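Here is the structure we will look at, set down as structure tokens.
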Amino acid sequence: MTFVPADRTPEFSAILSQDDAERPAPGPKRGRPPRLRVVWVGRRRVPGIEAGARIRVEGMLARGEDMPTIFNPRYEILSRQENE
């Protein structure tokens, strides 16, 4: 998760990666799981979104410089780390 300084436009972003249990069995391409950046513009915090939370997101995928990005996604919190 990234927190933006108070003097900048509010933005809250997080990097998501696929859960090991949901990933297909290893194939010819091994390495880091796929990652996705989600960004909520105009917000400094999103209640329930914290490190270790399992969420489902939906929205328009944009090509980021380093990874795919969804801005202002719809989301559903599936579970939090302390509940597992």
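So here's what we get for this one:
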item: Net charge, V39 excluded, C-beta distance under 15 Å - Lys, Arg +1, Asp, Glu -1; result: +4
item: For F12, net neighbour charge (Lys/Arg +1, Asp/Glu -1) across residues whose Cβ lies under 14 Å away; result: +3
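Each reported figure results from applying straightforward, stated rules to the coordinates on display, with no laboratory input. Just so we're clear, the structure is a prediction, and the values are computed from it rather than from any experiment. So basically every Cβ, Gly included, is an ideal-geometry build from the backbone, and we count neighbours across all protein chains shown.
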